[in-house]
Amino acid sequence: MRKWLLRVLVIIVFIVLIGPFLIPLPPIGVEAATLADAGGYFINVDGLSTYVLEMGKKTDPPVVLLHGWGASTLHGVSRLPR
């Protein structure tokens, strides 16, 4: 009985945690450039289009802020002086 219950729990955990990653997402139909802030631009890095936003004085030392997956540039911009 316990082995059966353990197997069912493992299957449920697999479905809940791993299952969503196995389902392909449909394209959203919006180009990234239309969502980008007017102050930034896109660069190509190893075939991947990456959005860049530069702020501050050119004489100040550069600081690079990288956000995690699922975040956006807007999360870090609010912390910077304009």
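The values are calculated or read from the model by the stated rules, or taken from the named source; none is laboratory data. Here the structure is a predicted model, which is why all the values come from computation and not from measurement. As a convention, Cβ positions derive from the backbone with ideal geometry for all residues, glycine included, and neighbour counts pool all protein chains shown.
Find the residue count for the stretch 51-77, including only residues that are exposed (fewer than 11 other Cβ atoms within 10 Å of the Cβ) and modelled with pLDDT of 80 or more.
9
Residues in the stretch 34-47 that are assigned to a helix (DSSP H, G or I) and either in contact with a Leu (Cβ under 9 Å, 6 or more places away or on another chain) or over 13 Å from Thr73 (Cα atoms) (or both): Thr34 only.
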